[in-house]
Each structure stands twice: as structure tokens, then as C-alpha cells.
Amino acid sequence: MVSKIEQDHQRFREIVRGKIRKDLRRFISRGEFIGKEGDRFVSIPVHDVDIPTFRYGDNSGGVGMGPGDEGDPAGGSNGKGGDKPGKHILEVDVSLDELADILGEELKLPRIEPKGQHKLTTVRDKYSGVRSTGPASLRHFKRSYREALKRQIALGAYDPANPIVIPIKRDLRFRSWNEVKKPQSNALIVYMMDVSGSMGDEQKELVRLQAFWIDTWLRRNYEGIESRYIVHDVVASEVDRATFFSVREDGGTRISSAFTKCNEMLEQNYDPEDWNTYVFHFSDGDNSSDSDNRQCVQILEKDLLPRVNMFGYVQVASPYGSGSFINVMREAFGSGGDDRAGGVGGAGGGVNDRRNKVVTSRVNNREDIFESLRTLFKAGK
């Protein structure tokens, strides 16, 4: 039976979950979360929710019941700064899996069905029983207490009027485990970004926020995720995550260099029969030439699209970029939906199925990220 305090805690979590859902668009656009290194949790500031506490005293007073006239400052202030502590915003820890579930519910996203067979396996520890020896960290309190209680009752040492139960060494019980091989569908995310001079700090922040939510959603749908990062101006190179979001060059732009680098990476390391691959390219839409635009389309059609579940092109607004590459993508692979947040590439009968893997999205500001995520994943690929 669920205890009263557990029921109250569950109710509190439901209230918090409702607040997060209500303010999800704001969280996405403003980045109001603090990642905790080493685990899959984030701290989210939740307004207008108090931590459950006991309160004592006279609660008969109400809002607006004190002395004063209309227009007087609240609390009788004379306009000077207050000397009382303010009401703090409550920060709650939310797992990224729970956050992804809220995102999926709010955007009405279908769960992704991994393609291919579950050929890859992972070894995990499964706690399957109890034994009498083991490390202190695996001590099973309830089973140890039960053994001590049984022993004291059998010896006649248990006093219901003074129910003190003290386990001794032979009463202790510990969780036991077995290694279990579990098939899993692995996924690869390749992030590519233009880092030429026209991509400034504001554009990189849009990319950082969008990439966080892309990663959160895909990790909810796959057990194993690997991420790779490629930056480019006229030349592409693979970098680590920290460099990806901080590096900036002042050269021109050749998008095909990134597409070529990505294709080499997939050919050498990721068999499409074993991996569910997602590729995202972020750019302000500037490219060096029409000939490079055509080369990008050719690389996509011939090399990348046969290997990936989805190719997402997200164009961020920049005062310096031409913004024309999204039109190249839509002319080559089709378009639809809201122009602000792009649309799913591909038209229908007679069009090669691999073209349906292309999704384009336009993000002019932070408020557009919410709809951009819906555009990218509404097809459940």
C-alpha cells in the first residue's frame, strides 16, 4: 500500500510536471535549465510552487485585509528598498527521460521505431535475488530487518510493548545480481555546423539550445546514443562537443566539405544495418557557390540519405548570411508546413523514398525552437 507521504510526494511531482508542461515553451526558448555533469538530470526553476512544509500560527488573515488606502504601496512600504527576504524560486530535479516525455506529450510527437534488427548487445547488471553476503552498499534493509525480527520472535526476545529489532551479522541480507546481455538499438547523432564569420554568438546559442532538445528526445527513444561533431567553413573537421559550440572562424563557407566529411565518417565506422543514424546541419544559409549547392544535393542523394534515418537541415537567421541554402534543399527534396519552422522534405508518389528523409526547418529566434522540434520529429523517423 502506498503511504500517505508517498501519495503527497506523487501529487507534488504531478503539480511540478504540470508547471513544466505549462512553461515548456519558455524553458526551450530561454534555456532555463542547469545541467548536472555525471548524471541524466537537470535542475529546472519552477515559479509559484512552494516546497511542502508544516505551517503553524494564525492563518485567518487574507489578501488585502490589512489597513491602507487604494494606491498605497504593498506592505506599507515608503518607497525604500525592503529589508525582508524574498520568495525564492523552487528548483526541482527532473530526469531527462521525464523531460523528454513531457516534450513528446506537449508536441504530440510519436515514439520512434528503430529500424533494422537488434544486432548490438549491451551487458547490464540485473538484481535478481538476495544473498547472505555482499558489500555494505548492496545491503537490503527490509530483508535484513525481517530476518532479525524472525530470529527475535523465535528466541522469544521480541517485546511488542518495546518493539526494538536489532539485526546482527547473520541477519544481514544483500542484493545479488547477474550480468544480462540485452539487445539494443544503437543510434548515432552527427551534428554539423557552419562556423564561418557570418555565424555569431547568437546563432551558436540557437544551435546549442536546439541540439540539447534534439539529444534529449533521441536519447529517450534509443538505449545507446553516440554523438559526433563536425564544424566547417571552407574546410570541415571533426571536433569535440565543447569546441563545436565555441569555435569561430572568419573564412568563407563550403557546405559540401561538411557533407563529405560526414559521409567518410559513416562509411568507415557505422554500418547502416546496425545503426540508426541522424544527421543535423546548422547554418545561416550562406554557401560559396551554386556549383557547391549542386554538389551538396548530389552527396545527399547518392551517399548520405541511403545511410540515415533522417537528415535535418536547420537554418538560423543571421544578418550576414544570404539565407538561400534552405531554398536549395526545398527545391531538391520538397517542402511543406509552416515556413517559419520548415517542413518535411519529400512529396509523394514517384519521388524516391530516400528524399522523404530530408527535413528542413527555419529558426529565426529562440521562440521558433519549439515548433522546429515538432517539425523535425513529427514523422516519428
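What follows draws every value from the coordinates through simple rules; no lab data is involved. Keep in mind that what you see is a predicted model, and the values were worked out from it rather than measured. Cβ: placed from backbone, ideal geometry, glycine included. Neighbour counts: every protein chain shown.
Write down Rg/Rh for segment 185-377, rounded to two decimals, with Rg from the C-alpha atoms and Rh from the Kirkwood relation over Cα pairs.
0.92
Annotation: extensible slack from LEU149 through ASN327 equals 56.7 nm (criterion: 0.36 nm per residue apart, minus Cα-Cα distance). Considering all alpha-carbon pairs of segment 150-286, what whole percent are spaced by more than 27 angstrom? Counting pairs separated by more than 27 Å, the tail of P(r) holds 45 percent.
For the residue pairs LYS261/LYS378; LYS204/LYS302; LYS108/LYS261; LYS261/LYS357, the C-alpha atoms sit more than 26 angstrom apart in LYS261/LYS378; LYS204/LYS302; LYS108/LYS261. Size descriptors for segment 274-334 (Cα atoms only): Rg and Dmax, in that order, 12.2, 41 Å. If the chain linking ALA317 and SER291 were pulled fully straight, counting 0.36 nm for each residue of separation and taking away their Cα-Cα distance, it would gain 7.1 nm.
Label-to-label distance, ILE225 versus LYS302, with points set 7 angstrom from Cα along the beta-carbon direction: 3.3 nm. Full extension of the chain between GLU267 and ALA379 gives 37.7 nm of extra length, using 0.36 nm per residue less the Cα-Cα distance.
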